[in-house]
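S.K.: Here you go, one structure.
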Amino acid sequence: MNILIVEDDNDINKLLNEIMNSNGYITKSAYSGTEALIYLEMQNFDAVLLDLMIPGLSGEELLLKIRQNKNMPVIIISAKDDKHTKIDMLKNGADDFISKPFDVDEVLARVESNLRRYNSEKNIYCKTNEIIFREINLNIDTREIKINGKDICLTSREFDILHLFIYNPKKVFTKSNIFESVWQENYMGDDNTINVHISNLRNKISKYAENEYIQTIWGIGYKLEV
């Protein structure tokens, strides 16, 4: 599972990386709010550890931008721990607040607790390298997929589209969203490319699954059927 660590202090950033890496998480470091926003637009993360007093885009501003279109735990880790700051951050979408200096075990426990809650709401069970959603099992390392225990063959793009849907089950994706997330390129309005990939993915899933998984939202795009 991927964790974005947004902290401009090198030593603290390194410590948070070590805590997460030693417990099986994959981490990405950002040292400013602006750098973090770039990573968030390029990659899907499972959680964000966010300092407030960072250069560029502030932690407060970054939190608001995350909550515009992202659904994942955001845990504030900050020395700016007065009552009003904590209340404001929680009201603006933070899931948790850890004061500096922090306890290593507490950070790990808070991360695991918030991830369990989010994944439970999404009906997802996660191991280090696997995502299980109802009948579907995705192995992130090998990029293999099983449905009801049977292997199915997906192209790289089809795998990435399914992964995107499963990790954002409540989000409605426009074709532009899908293309820019999976292809990592600007969308030029080529609906046919998305339509073909969605159709192929649906057909492959339907051979083994008892349920429909990709729902068309007419006039908008697609979402996962939960």
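The values are calculated or read from the model by the stated rules, or taken from the named source; none is laboratory data. What you see is a predicted model, and the numbers here were worked out from it, not measured in a lab. Heads up, the Cβs are rebuilt from the backbone with ideal geometry, glycines too, and the neighbour counts pull from every protein chain shown. For accessibility, only protein heavy atoms count, side chains too; no ligands or nucleic acids. Shrake-Rupley method; radii C 1.70, N 1.55, O 1.52, S 1.80 Å.
S.K.: Taking segment 68-90 only, how many residues are touching a residue at least 24 places away in the same chain (Cβ under 8 Å) and either assigned to a helix (DSSP H, G or I) or closer than 12 Å to Leu4 by Cβ (or both)?
M.R.: Residues flagged as touching a residue at least 24 places away in the same chain (Cβ under 8 Å) and either assigned to a helix (DSSP H, G or I) or closer than 12 Å to Leu4 by Cβ (or both) within segment 68-90 amount to 9.
S.K.: With the structure loaded, tell me whether Asn139 is closer than 30 Å to Ala209 by Cα and either in contact with a strand residue (DSSP E or B) (Cβ under 9 Å, 6 or more places away or on another chain) or β-branched (Val, Ile, Thr) (or both) or whether it fails that test.
M.R.: The answer is yes for Asn139.
S.K.: Same structure, new question: Give me the pairs: first residue in segment 37-49 and within 17 Å of Trp183 (Cβ to Cβ) and polar (S, T, N, Q), second residue open to solvent by less than 70 Å² (accessible area, probe 1.4 Å) and assigned to a loop (DSSP other than H, G, I, E, B), beta-carbon distance under 9 Å, and six or more apart or on different chains, which are they?
M.R.: These pairs meet every condition: Asn44/Lys70; Asn44/Met72; Asn44/Asn168.
S.K.: Among (1) farther than 30 Å from Ile214 by Cα; (2) outside any loop (DSSP other than H, G, I, E, B), where does Pro101 come up short?
M.R.: Condition not satisfied by Pro101: (2).
S.K.: Determine the pairs where a residue that is of a type in the set (Lys, Arg), located within segment 160-189, has a partner that is open to solvent by less than 20 Å² (accessible area, probe 1.4 Å) with Cβ atoms under 7 Å apart, the partner being 6 or more residues away or on another chain.
M.R.: Lys175/Ile194; Lys175/Gly221
This table checks each residue for (1) among the hydroxyl-bearing types (Ser, Thr, Tyr); (2) modelled with pLDDT under 90; (3) surrounded by fewer than 16 Cβ atoms within 10 Å (Cβ to Cβ).
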position	(1), (2), (3)
Val104	no, no, yes
Val111	no, no, no
Asn119	no, yes, no
Lys122	no, yes, no
Lys127	no, yes, yes
Arg134	no, yes, no
Arg143	no, yes, yes
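S.K.: Look through segment 145-193, keep the residues that are open to solvent by less than 40 Å² (accessible area, probe 1.4 Å) and aromatic (Phe, Trp, Tyr), and return whichever of them is nearest to the chain's Cα centre (by Cα).
M.R.: So, considering only residues that are open to solvent by less than 40 Å² (accessible area, probe 1.4 Å) and aromatic (Phe, Trp, Tyr), the one nearest to the chain's Cα centre (by Cα) is Tyr167.
S.K.: Look through segment 194-216, keep the residues that are under 23 Å from the mean Cα position of the chain (by Cα) and free of Cβ contacts under 8 Å to residues at least 12 places away in the same chain, and return whichever of them is nearest to Cys153 (Cα to Cα).
M.R.: Going through the qualifying residues, I end up with Gln215.
S.K.: Taking segment 54-64 only, how many residues are without any contact (Cβ under 8 Å) to a residue 40 or more places away in the chain and either open to solvent by less than 60 Å² (accessible area, probe 1.4 Å) or more than 14 Å from Val6 (Cα to Cα) (or both)?
M.R.: Number satisfying all stated conditions: 5.
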